[in-house]
Amino acid sequence: METPDQLQHHIHMKKGDVGRYVLLPGDPGRSEKIAQYFDNPQFVAQHREYVTYTGTLLGEKVSVTSTGIGCPSTAIAVEELIAIGADTFIRVGTSGGMQPGIKTGDVAVVTGAIRDEGTTLHYLPPEFPAVADVDVVLALEEGARRAGIRSWRGISQSKDSFYGEVEPQRMPVDKRLAERWKAWIAGGAVCSEMEAAAIFIISSIHRKRASGVMLMGSMAEEDQPHTPEEWKAMEALFDVDRAIRVAIEGLKALIEQDRQRGA
Ligand SMILES: O=P(O)(O)O[C@H]1O[C@H](CO)[C@@H](O)[C@H]1O
Ligand SMILES: O=c1cc[nH]c(=O)[nH]1
């Protein structure tokens, strides 16, 4: 939907403002941080939770747009970015690790998302899977290798309630949450966050490509911080810069691959 001056209604941008490749953090404050990895980054627009910078990587025009928290605002961002020419999306986020063995600071390279949210039901029935693009997944794994950061390939749980994940015991539906959480882990989900499902479903409908790299925190009891020193050590590892480095290296690998294929 355009305003009279041809700007998309929410992201306040027009054709030409973004590259075909767009990184998607949730946190608006992360856009500038990510843009610092671009060559010649330029601030493009800020409206509501949507903060965009555009620059280049390997001479290719690339952008970063924040989505805000959750699938409703993310769906709007992806719809409007597609309307102005974007065709490849990489979510760059934080998440909770869901499998034993995941250490704080590991990243997930996401192959699909559990649609544990309401937004995508406005697009497709629940039986339709929210899947990532294989080429983008493989490029992000290459990015993790280049950045020297341990990655886990797998499915993300995209949920609507942050506190339903981190403090389920205080929810009136605690038993339902616990049972479903157990099922997601049994099924092999690697991380829990709040936006991937919307990015994947809308990309599928528009035949665009998407995946995501999520920094993870450990779920293991022995890894939980208790003392101030342990908190400091955990915070140092739960550094979103690790996911950003993987995303940037992965995007470079994807650009190289697209060029080789003439894609
Ligand atoms: O780190 P970002 O990308 O903001 O994402 C994660 O952090 C937020 C919750 O704290 C949710 O948006 C979740 O998906
Ligand atoms: O555990 C976490 C951490 C970040 N974001 C989430 O949604 N969950």
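The values are calculated or read from the model by the stated rules, or taken from the named source; none is laboratory data. Small disclaimer: the values here were computed from a predicted structure and weren't measured. As a convention, Cβ positions derive from the backbone with ideal geometry for all residues, glycine included, and neighbour counts pool all protein chains shown.
Some notes on this structure:
- Residues located in region 205-243, provided they are away from ligand 1 (no atom under 16 Å from the Cβ) and under 22 Å from I255 (Cβ atoms): H206, R207, K208, R209
- In region 151-175, the residues that are polar (S, T, N, Q) and closer than 29 Å to D133 by Cβ: S151, S156, Q157, S158, S161
- The listed residue being within 13 Å of ligand 2 (Cβ to nearest atom), touching a residue at least 12 places away in the same chain (Cβ under 8 Å) and of a type outside the set (S, T, N, Q), out of V92, V78: V92
- So I82, is it in contact with a Ser or Thr (Cβ under 9 Å, 6 or more places away or on another chain), hydrophobic (A, V, I, L, M, F, W, C) and closer than 30 Å to M234 by Cβ: no
- Some residue of region 86-96 being under 19 Å from I199 (Cα atoms), assigned to a loop (DSSP other than H, G, I, E, B) and more than 16 Å from ligand 1 (Cβ to nearest atom): yes
- Among residues of region 161-188, those that are surrounded by 14 or more Cβ atoms within 10 Å (Cβ to Cβ) and farther than 15 Å from T94 by Cα, counted: 8
- Those helices (runs of 4 or more DSSP H) of region 97-189 in which at least 1 residues are of a type in the set (F, W, Y), considering only elements entirely within it, cover 162-166, 174-187.
Here's the yes/no breakdown for (1) at pLDDT 95 or above; (2) of a type in the set (A, V, I, L, M); (3) out of contact with any His (no Cβ under 6 Å at 6 or more places or on another chain); (4) over 23 Å from R207 (Cβ atoms):
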site	(1), (2), (3), (4)
Q8	yes, no, yes, no
E32	yes, no, yes, yes
Q46	yes, no, yes, yes
S66	yes, no, yes, yes
P72	yes, no, yes, no
E79	yes, no, yes, no
I82	yes, yes, no, no
